[in-house]
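Have a look at the structure below before the remarks.
The values are calculated or read from the model by the stated rules, or taken from the named source; none is laboratory data. Owing to the predicted nature of the structure, the values given are computational and were not obtained by experimental measurement. Here the Cβ positions follow ideal geometry from the backbone for every residue, glycine too, while neighbour counts run over all protein chains shown.
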Amino acid sequence: MERKTKAVILSIVPGLGHLYLGFIFRGLGWMILGIVGALPAGVGLILVWPVCMIDAYQKGRHTVMAADIEKLARSVS
């Protein structure tokens, strides 16, 4: 499974996909925004989740992680 797909799946909990990708402050911000958005009868959450998932997908496409570096190192050797 690709990194961006995992990040989107983890974003079912707002911010968890960002934490997986290593964006700690952005992930915590999405979590706080998700909690605040869920309080007024869930209306805000309907708007927060899709935007969070799209942002996690975009970040997953452009993030270099340790697994990517190991894969590159193996291909060079």
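The table below lists the values:
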{"quantity": "Condition check for Ile32: in a helix (DSSP H, G or I), at pLDDT 85 or above and of a type in the set (A, V, I, L, M, F, W, C)", "calculated": "yes"}
{"quantity": "Residues of region 2-26 that turn out to be at negative phi and either part of a loop (DSSP other than H, G, I, E, B) or touching a residue at least 60 places away in the same chain (Cβ under 8 Å) (or both), as a count", "calculated": "7"}
